[in-house]
Amino acid sequence: MKSRYLIIVIFLAAGQLVAQNKVGTTAAPFLGIGVGPKAVSMGGAFTAVANDPTALYWNPSGISRGGRTQVLIEHTNYLLGTSFNFLGAVVALNEDNAIGVSVTNLAYGSSEVTTIDQPDGTGETWNANDWEIGLSYSRNLTDRFSIGGTAKMIMQQIWRESATGFAMDAGLLYTTPFNDMKIGMEIANFGTDMKLSGQDVLFTVSPNSSVAGANSQIPAEYYTNSYPLPLIFRVGLAMDVVNTTYNRFTLAVDAIHPSDNVQSLNFGTEYSWHNMIFVRAGYKSLFVPDNQEGLTLGLGLNYDISTFFSVKLDYAYQNYGLLKNIQKFGLTLGF
């Protein structure tokens with residue numbers, strides 16, 4: 001019964017996307033940046049795969065399927081001199097329950113403040129950062145069906161102005177009887193609007209300047225608009241078309257319906273040898289007009305140091321057309 005309610009909530013939230021489909025009109029667009037070298041190298045087709053700590057971003061219902069505690073650290077030299085970082089930790093409470101914590105940061109760097117009167121600089125510097133902090137929970141309702149959700153706080157800051165918002169993610173993961181094909185679904189960033197405020201929008205005014213002796217120091221504030229978060233609805237399929245003792249080959253596809261862009265498809269593949277060496281490829285944002293994204297490639301290496309400890313290194317390459325490319329690096333520790 002609980003799973004039915006969650007499915008209804010996800011579809012109702014997804015229905016909101018139809019009415020809010022406006023390109024480039026949302027706050028916190030960094031929430032649409034894909035997390036994790038493995039997922040990115042598979043073209044972002046990860047909603048139904050969701051089998052590492054980056055499931056905290058792609059589909060939180062997947063974190064209870066891992067069966068162990070894992071920590072992932074990712075660093076990316078992102079576009080136009082920015083830096084993207086992700087930290088995700090998943091703790092398996094038992095065979096059917098897991099919790100997770102994630103921290104995401106997009107840093108825009110810093111620069112010297114200049115004005116018309118001081119074109120060589122005022123001696124001050126400005127910087128900008130986007131942050132997301134999430135707390136997730138997932139439960140296996142059966143051996144084939146999982147549900148999960150994330151509560152998160154979102155912050156944006158540019159120099160002396162900032163905005164804060166709160167949102168929820170909800171996800172489902174089902175393993176079908178047909179060759180164990182997986183179906184995943186997630187609605188992300190269902191939450192509050194965000195509005196910038198800070199000392200630079202504050203000023204004083206004299207509403208009665210024509211009256212002698214009128215107070216000329218009435219506190220006032222410039223009006224700033226509120227903007228919704230970028231709702232994202234994902235549905236994915238994934239299946240191991242080859243799964244033997246030493247070899248596994250996975251195919252995955254995601255359909256993406258965001259509120260601030262057009263609908264698209266992501267495709268991904270992964271080949272695994274001995275669950276130790278991984279080769280991945282994918283294609284992202286198919287059917288998006290003037291798309292600068294596209295081909296993705298990646299490699300992974302997993303080494304079990306002992307029965308209770310493993311280390312995994314992942315790398316991803318993503319083509320960005322005129323913006324060249326980005327490369328992601330990730331380290332995952334398993335306990």
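The values are calculated or read from the model by the stated rules, or taken from the named source; none is laboratory data. Here the structure is a predicted model, which is why all the values come from computation and not from measurement. For neighbour counting, all protein chains shown are included, and Cβ atoms are generated from backbone atoms with ideal geometry for every residue, glycine included. Just the protein is used for accessible areas: all its heavy atoms, side chains included, with ligands, DNA and RNA removed. Shrake-Rupley method; radii C 1.70, N 1.55, O 1.52, S 1.80 Å.
Taken over the range 116-152, the criterion of being of a type in the set (A, V, I, L, M), closer than 29 Å to G191 by Cα and without any contact (Cβ under 8 Å) to a residue 60 or more places away in the chain is satisfied by A128, I133, L135, A151.
Residue by residue, here is whether (1) at pLDDT 95 or above; (2) under 23 Å from the mean Cα position of the chain (by Cα) holds:
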position	(1), (2)
E112	no, no
T115	no, no
S138	yes, yes
T164	yes, yes
A167	yes, yes
T175	yes, no
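For A170, the test of being small (G, A, S), in contact with a Phe, Trp or Tyr (Cβ under 8 Å, 6 or more places away or on another chain) and either crowded, with 18+ Cβ neighbours inside 10 Å or on the phi < 0 side of the Ramachandran plot (or both) is passed.
Here the condition is being within 25 Å of L87 (Cβ to Cβ), out of contact with any Cys (no Cβ under 6 Å at 6 or more places or on another chain) and open to solvent by 40 Å² or more (accessible area, probe 1.4 Å); of F335, F278, it holds for F335 alone.
Selection of the range 254-283 for residues being closer than 15 Å to G43 by Cβ, under 18 Å from the mean Cα position of the chain (by Cα) and of a type in the set (D, E, K, R) yields only D254. For the residues G67, G123, G81, the requirement of being under 30 Å from P228 (Cα atoms) and of a type outside the set (A, V, I, L, M, F, W, C) singles out G81. In the range 143-160, which residue that is closer than 18 Å to V49 by Cα and part of a loop (DSSP other than H, G, I, E, B) is most open to solvent (accessible area, probe 1.4 Å)? In this case the residue turns out to be D143.
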